[in-house]
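Below is one structure. I have some questions about it.
The values are calculated or read from the model by the stated rules, or taken from the named source; none is laboratory data. This is a predicted model, so every value here is computed, not measured. Glycine gets a Cβ as well: all are built from the backbone with ideal geometry, and neighbour counts include every protein chain shown.
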Amino acid sequence: MLYLEKFESSAFVLLFVALAYSLAALAPRTALTDLGRPETLAGIATAFVAFALLFLRVLPKRRLQIERAVYALFLTGMPLIYFAEAYMSGSRNDLASEFVGVLIFVGLAVFGYYKSYLALGFGIMAHGVGWDSWHHHSHPYVASWYPMACLLADLAFGFLVITQAGAHQAPNDSLKADRSDELPPP
């Protein structure tokens, strides 16, 4: 994983290309205007997260704890889209399987935030390769275009996380460094 930081700029370009392709080629025009659909809200949130991470990265001082929190929240939110879709469909069986996904990816997000930054990157990629692929054309409550769009975004986001691993190598130290308001032990 070392020496991948030189690909960080390329990872950002790849992320924005994946988002643009998903918007232009995969998502139907109606998906852009139907704000009541979870996949539309997910697309908006994903674009917002991408721009927020780019903004954080160009700041003069790196905000590692905020970056880590954004990735953890992104990983937490990804399975919630499918859970919301299953809930809206009214299927108890689908809701139960989506809940398992929520538990898995929220668990990875918490572990990644507190213990292993790379778990965030691999967790985001695993969501794409495992969860999105499983939903592709197999669940009628999911818009047909969404799993592929989410897969592309997940792979690009995961690669971006991995390119930033060098800066986040000491997860506990980076989290403690931003807690200057805490009193030293007596």
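Select from region 64-88 the residues that are farther than 20 Å from Met148 by Cα and surrounded by fewer than 19 Cβ atoms within 10 Å (Cβ to Cβ) and write down the one among them that is modelled with the lowest pLDDT.
The residue in question is Met88.
Then there is this: Being outside any helix (DSSP H, G or I) and in contact (Cβ under 8 Å) with a residue 24 or more places away in the chain is the filter here; which residues of region 4-46 pass it?
Ala27, Pro28, Arg37, listed by residue number.
Each row is one residue, and each column tells you yes or no for (1) at pLDDT below 95; (2) of a type in the set (D, E, K, R).
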residue	(1), (2)
Lys6	yes, yes
Ala11	no, no
Leu14	no, no
Leu32	yes, no
Arg37	yes, yes
Ala45	yes, no
Ala50	no, no
Phe55	no, no
Arg62	yes, yes
